[in-house]
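The values are calculated or read from the model by the stated rules, or taken from the named source; none is laboratory data. All values reported here derive from a predicted model rather than from experimental measurement. Cβ: placed from backbone, ideal geometry, glycine included. Neighbour counts: every protein chain shown. In case anyone asks, the SASA skips ligands and DNA or RNA and just uses the protein heavy atoms, side chains included. Shrake-Rupley method; radii C 1.70, N 1.55, O 1.52, S 1.80 Å.
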Amino acid sequence: MSTTYAMRDSMTMLRRNLKHAQRYPSMTISIVAMPILMLLLFVYVFGGALGAGIELPGGGTGDRGDYTNFVAPGILLMAATAGAVSTAVSVCTDMTEGIINRFRTMSISKSSVLTGHVVGNVIQTMISLVLVIGVALLVGFRPNATFVEWLAALGILALLAFGLSWLSAAIGLGASSVEAASNAPMPLTFLPFLGSAIVPPESMPVGLRWFAEYQPFTPMTDTLRGLLMGTEIGNSAWLALGWGVVLSLLGFLWARSAFKREAKI
């Protein structure tokens, strides 16, 4: 099948998934609501204590405002991971409700089914990020990034959402039920908590600090914080890009293999 037909079929599947998101907005609302609630929780409930109790990068007085500037990039990263659940659920729904059987009888590109899910989720995630950024600005987030730095930050978030969408698609293909598909990607959503999203790794116990420093979400968080707030990035940018590419390739290969095995289109 030619590239033109594959692109056409992928666009058709993308429109299908976006229409599903419009008709059943509960999943989209949950994707947006969770990071916003986390932001409000850590700014207004824990912000004063955490800001005064830990040494924040870039100095500052350690008040609630400084902690808001510290935690907001980490919450943005969590917002990018939150869409993973949506992809797993939508793919599993297609697998369990019989639509894949109908696709088998149609002359469509094999890759278009998953491509529609992945690209649709990335679009929803980027829209949710705009909303989270808006709320962050309202509660006191004051980035000093230039336009180019904002584009770079959004590019890293889009790359992360793209990679996690492929991983979640593979999880959804292998899940036995929608409930299992919704639970399986949850560790990806909360893994930033065990990095530098909420507190600096230097404040953690030795074993947890080692894990936090070497897990993939820490360099991504540090890169976002450096781009948006002007803190030191170092080699975190290259590590963030590397992890983003690795997650994307791993997720794509896993999803393609699972799709051939499970869907048999």
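Listing for the model above:
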{"item": "³J(HN,Hα) computed for each position of the stretch 243-249 - Karplus, 6.51 cos²θ - 1.76 cosθ + 1.60, integer Hz, glycine/proline x", "result": "5, x, 5, 4, 4, 5, 5"}
{"item": "Cut-off 13 Å, label 7 Å out along Cα→Cβ of Ser257, residues of the stretch 167-200 by amide N", "result": "170-171"}
{"item": "Gaussian network model of the chain, Cα within-10 Å springs - most flexible of Thr189, Thr146, Thr28", "result": "Thr146"}
{"item": "Fraction of accessible area attributable to carbon and sulfur, the stretch 105-244 (%, probe 1.4 Å)", "result": "71 percent"}
{"item": "Average accessible surface area per residue within the stretch 120-231, 1.4 Å rolling probe, Å²", "result": "41 Å²"}
{"item": "Cα-based helix-to-principal-axis angle, 3-23 vs the chain, degrees rounded to 10", "result": "70 degrees"}
{"item": "Pairwise FRET efficiency - Val130 versus Thr4, Cβ, R0 = 35 Å, nearest 0.05", "result": "0.65"}
{"item": "Potential extension, Lys19-Phe211 segment - 0.36 nm per residue separation minus Cα distance", "result": "65.1 nm"}
{"item": "Distance between the stretch 212-231 and the stretch 83-131 - C-alpha centres, whole angstrom", "result": "29 Å"}
{"item": "GNM top mover of Leu138, Leu14, Leu129 - the chain, alpha-carbon springs below 10 Å", "result": "Leu138"}
{"item": "Förster radius 51 Å - calculated FRET efficiency between Ile54 and Ile29, Cβ distance, rounded to 0.05", "result": "0.95"}
{"item": "Student exercise, the stretch 208-264 dipole from Lys, Arg, Asp, Glu Cβ charges, in Debye to nearest 20", "result": "440 debye"}
{"item": "Point-charge dipole on Cβ atoms (K/R +1, D/E -1) for the chain, about Cα centre, debye to 20", "result": "1260 debye"}
{"item": "GNM top mover of Met220, Met106, Met78 - the chain, alpha-carbon springs below 10 Å", "result": "Met106"}
{"item": "Residues Phe190 and Ile99, FRET efficiency given R0 of 35 Å [Cβ-Cβ distance, rounded to 0.05]", "result": "0.70"}
